[in-house]
1. Got a sec? What order do H237, H93 fall in by accessible area at 1.4 Å, biggest, i.e. largest, first?
2. Compute log10 of I(q)/I(0) for the stretch 131-198 with the Debye formula, placing one identical point scatterer on every Cα and leaving out solvent, at q = 0.20, 0.21 Å⁻¹, to two decimals.
3. Pulled fully out, how much extra length does the chain show between I254 and E236, if you take 0.36 nm times their separation in residues and subtract their Cα-Cα distance?
4. Can you give the accessible area of F13, probe radius 1.4 Å, in Å² rounded to 10?
5. What is the Å³ per residue value for the convex hull set by the Cα atoms of the stretch 4-74?
6. Students often check this: by mean Cβ neighbours within 10 Å, which of 252-259, 59-66, 146-153 ranks highest, and how do the rest follow?
7. For the chain: lysine pairs with Cα atoms under 26 Å, gap of 8 or more or different chains, count?
8. Given a 1.4 angstrom probe, what's the average accessible area per residue across the stretch 1-88, in square angstrom?
Amino acid sequence: MDQNTLIGILIPFAGTALGSAMVFFMKKEMSGQLQKLLLGFASGVMMAASVWSLLIPAIEMAEEKGGISWMPPAVGFLLGMGFLLILDTVTPHLHFTDDKPEGMPSHLKKTTMLVLAVTLHNIPEGMAVGVTFAGVLSENASMTLAGAFALSVGIAIQNFPEGAIISMPLQSQGLSKPRAFAYGALSGIVEPAAALVTILLTSFVVPLLPYLLSFAAGAMIYVVVEELIPEAQTGEHSNISTIGVAVGFVLMMILDVALG
């Protein structure tokens, strides 16, 4: 693995860690409106990344190989959705807006299940970064180093507010600021780990690249539909999360088109 790839897969983790550090600077809990805005923003970034950074390159690669061009993206997308559905079903976790845990019954602490909920949706983000850099390493014409970095930076930008959304409620649950920061930051360590596993897998089976790109897209869209958007719409009705979606989507689209 070269230096560019190593830096690229660590950028999203840095975004989570920096966001988690906000627990040291913000005295009160994050306002509901701000949280809705940030959740919407994260949703927009992930949707745009799924289309421009993952599905479109997957379709282009499938067309280059001949055969049915929509088949690998369609299969990969559905497998990605199914993979996250299974993880969501079996992993004990708790969303910040819920009182009842999801997944298999367990005796884990509430703080642990809160972190597991965030860790679950960090897996597809890490895979997305990993598979784009795998495409660059395989010298595929549809993937560029600038485009891979654009995705990495885009996910890091949306990880920053997510880091704050994680660490601040953990502090309100009774954790000290250093422990809340550590838990929040560590929830993001799964991203470089998932990226590394994806790169290693793709390096052995290059023809899998279109499937893995669309797999990551399906997993990311699952997180948006299952978790981010519902959480952004809880409580009193507001359009602020919709505005966040628009801003995040356009920002990620610009990053990918301009740099990709």
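The values are calculated or read from the model by the stated rules, or taken from the named source; none is laboratory data. Given the structure is predicted, the values throughout are model-derived calculations rather than measurements. Note that we place each Cβ from the backbone using ideal geometry, even for glycine, and neighbour counts take in every protein chain shown. Protein only, heavy atoms only, side chains kept; ligands, DNA and RNA dropped before computing areas. Shrake-Rupley method; radii C 1.70, N 1.55, O 1.52, S 1.80 Å.
1. Largest accessible area first, the residues go H237, H93.
2. With no solvent term, the Cα-only Debye profile gives -0.82, -0.86.
3. 3.3 nm
4. Taking all protein chains as shown, F13 has close to 50 Å².
5. Considering the Cα atoms of the stretch 4-74, their hull volume per residue is 106 Å³.
6. Packing proxy ranking, top to bottom: 146-153, 252-259, 59-66.
7. 18
8. Per residue, the stretch 1-88 has 50 Å² of solvent-accessible surface.
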